[in-house]
Structures are given as C-alpha cells and as structure tokens.
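*Asks:* Supplied in structure tokens, the structure appears directly below.
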Amino acid sequence: MSDKLKDFLDAKVEQFNQSNFIENDPIVIPHQFSKKEDIEITGFWASILAWGQRITIINKCNELFGLMDNAPHDFIINHKESDLKHLLNFKHRTFNTTDTLYFIEFFKDFYSQHDSLEQAFLAGIKPGDTDMSNSLIQFHNSFFALPDAPERTRKHIATPARKSACKRLNMYLRWMVRQDDKGVDFGIWKNISPSQLVCPCDVHVDRIARKLGLITRKQTDWRTAIELTENLKELDPNDPVKYDFALFGLGVIEGFEHEVMSF
C-alpha cells in the first residue's frame, strides 16, 4: 500500500472517528447505558438490527429497550412470563416476535452462567488465530445451542461457515474491542486483540474499498472481508479496523466520495 493512501485514510480516520459520529449511528444505543452488561446487550441487539436507514434503526432500538424499562440486563434476568406480553408486537423488518423472545432466552441463559458476552466470542478462538473466523463460527453454534432454538432466527446471526461477510457482528466486535481516546468505540473487552478484528464490509465500505483497490474479489463474502482486512493491516497491523471509520465516512457522508477518485 502506498504512503499516499495511508496518509489519506489516516486523516479520514481522524476526521470521522469523533464523538459527533455517535448521535447519528446505531452505536448511540449502547452509549445510553453505563452498566457493562447493558452495553453488551444493547450493542449486540443494535448491531443485529442495523439494516435500513440509521434513524429507523435507532428509533426501533429505543422502542425495544423502552419495553424493557431501559434496564435490559435486569429485565432479561428477572422477568416473569407475563412481562413478555408487551414485547410481542415488536418488529423490525424481518426481525419478529419469535426472534425477540429467543434473544431474551439466550441472554438469560448466558448471563446466568457468565458475567460478560466477551466469553461467548472467546470460546472459539484458537491459539495463533489472526482473525475472528473460528470465533464467529463457534459463537453462531453456541447462540443456537438451546433446545428450542428457532430455525428462522439463524438468518439474523451470520457465520463464516455460510460464507457471510458477517458485517453486523464485525461491527459489534469493533465497538466492544477497539479502544482509543475518541470516545466512539467502547474498548470494554480486553481479551480479544484489535489486530484480530475483521472490517465490517457494508455497502458503503465495500464501494469505497473497491475504488481504492483494497478489494479485488467480485462478490462480497467472508473471504472479501478478510481480503479487505489483510490490506488494511498493511496500513496498521495492530488496529486495521480503525479504517472502517474512513471507508464508511467517505461512502455515506455526502461530498467526500470525490476525494477517492484521485487514487
């Protein structure tokens, strides 16, 4: 990778990785909470629901957690069957009642045995892993290990085993693992290295990355996300996913994409 490209993208990371990024992005949802478990739960749910217009995603998440009295961890652990009734009408696109109730069931089971969702992602990591492939495959298997796991909900939790780019889970991992002084990402998980993260490959990131020559594969799948991340590691091997800010910002914020054309 050229020094010119690195300098350009480093400058864009600095420009877009700022606290004013938070309010218009789904990451604003976990930023409304201070309890670690609440941050983990709301961050996970917000990332999984993150398709469509960002303002709609934010509004639907606020609706969902309002139904849990804005204390999701406490609600999930301590709710009674009757408390679930007012959640039955919650829906976001293809995410429906069945999915909502299973997410609650999974979280109740998990947090009754563990104190951090990080442990669910650590379980699949093998010595020497340089990315999250094994972690995400094992997480998917663990998430659906309960006896009554509905088949329909599997489509909401991606896995490299199905060749998915896993953009929402990779975004969530960025939120939880990356740590800097900008205040956007949380950095509350300390046992996964930022160097192992895989860049979320949404349509905006994908488009800009292709224009910059960071992606050559025709399709967008898990191997594409790995290709992009490996190229970003040439720019920063310790924190490649920081460039998600640059690529996303250049793609989604009007007026910046023309700057890409010089490369």
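The values are calculated or read from the model by the stated rules, or taken from the named source; none is laboratory data. Please read all numbers here as calculations on a predicted model, not as lab measurements. Note: ideal-geometry Cβ built from the backbone for every residue, glycine included; neighbour counts use all protein chains shown. Heads up: the accessible areas ignore ligands, DNA and RNA and are worked out on the full protein's heavy atoms, side chains in. Shrake-Rupley method; radii C 1.70, N 1.55, O 1.52, S 1.80 Å.
*Asks:* Enumerate by residue number the trypsin sites (Lys or Arg not before Pro) in region 80-111 meeting two conditions: DSSP loop (anything except H, G, I, E, B), and at most 15 other Cβ atoms within 10 Å of the site's Cβ.
*Replies:* Passing sites in region 80-111 are LYS80, LYS91, ARG93.
*Asks:* Could you list which residues have their amide H under 5 Å from that of ILE215, counting only those 5 or more apart in sequence or on another chain, with H placed in the peptide plane?
*Replies:* Counting only residues 5 or more places away or on other chains, the set is ARG210.
*Asks:* For the chain, what is the calculated [θ] at 222 nm in deg cm²/dmol (nearest 500), taking -39500 (n - 2.57) for each run of four or more DSSP H residues and dividing by its residue count?
*Replies:* After summing the helix terms and dividing by residue count, I get -14000 deg cm²/dmol.
*Asks:* Any chance you could look up the accessible area of ILE188 with a 1.4 Å probe, heavy atoms only, rounded to 10 Å²?
*Replies:* 40
*Asks:* Taking the full set of protein chains and a 1.4 angstrom probe, give the accessible area of SER142 in square angstrom, rounded to the nearest 10.
*Replies:* The accessible area of SER142 comes to roughly 50 Å².
*Asks:* Still on this structure: Compute log10 of I(q)/I(0) for region 128-187 with the Debye formula, placing one identical point scatterer on every Cα and leaving out solvent, at q = 0.13 Å⁻¹, to two decimals.
*Replies:* The computed values of log10 I(q)/I(0) come out as -0.42.
*Asks:* Can you put TRP51, TRP45 in order of accessible area, largest first, using a 1.4 Å probe?
*Replies:* Result of the area sort, largest leading: TRP51, TRP45.
*Asks:* From the protein chains alone at 1.4 Å, what is the descending order of accessible area for MET68, MET171, largest first?
*Replies:* MET171, MET68
*Asks:* Which of the pairs LYS6/LYS163; LYS6/LYS211; LYS6/LYS167; LYS12/LYS233; LYS126/LYS190 have their Cα atoms more than 18 Å apart in this structure? Don't skip to the answer; put the middle values down first.
*Replies:* Values: LYS6/LYS163 29 Å; LYS6/LYS211 15 Å; LYS6/LYS167 23 Å; LYS12/LYS233 16 Å; LYS126/LYS190 16 Å.
From LYS6/LYS163; LYS6/LYS211; LYS6/LYS167; LYS12/LYS233; LYS126/LYS190, over 18 Å: LYS6/LYS163; LYS6/LYS167.
*Asks:* What would the Debye formula give as log10 I(q)/I(0) at q = 0.10, 0.14, 0.15 Å⁻¹ for the alpha-carbon point model of region 1-100, no solvent?
*Replies:* -0.36, -0.61, -0.67
*Asks:* Sticking with this structure for a sec: Once Rh for region 22-199 is found with the Kirkwood sum over Cα pairs, what is the Stokes-Einstein diffusion coefficient at 10 °C and 1.306 mPa s, in µm²/s?
*Replies:* Estimated via Stokes-Einstein, D reaches 96 µm²/s.
*Asks:* Which whole-Hz ³J(HN,Hα) couplings does region 112-128 yield from phi under the Karplus relation 6.51 cos²θ - 1.76 cosθ + 1.60, θ = phi - 60°, glycine and proline marked x?
*Replies:* 6, 10, 9, 9, 8, 5, 3, 5, 5, 8, 6, 4, x, 6, 9, x, x
*Asks:* As a test question: what accessible area, to the nearest 10 Å², does HIS258 have when a 1.4 Å probe is rolled over all protein chains in place?
*Replies:* Here the accessible area works out near 120 Å².
*Asks:* Here's something else I'd like to know. List the trypsin sites (Lys or Arg not before Pro) within region 195-256 that fall in a DSSP loop (any state other than H, G, I, E or B) and whose Cβ has at most 14 other Cβ atoms within 10 Å.
*Replies:* Those that pass, being in a loop and sparsely packed, are ARG217, LYS218.
*Asks:* So what's the gap between the Cα centers of region 121-163 and region 30-92, to the nearest angstrom?
*Replies:* If you average the Cα positions of each part, the centres end up 21 Å apart.
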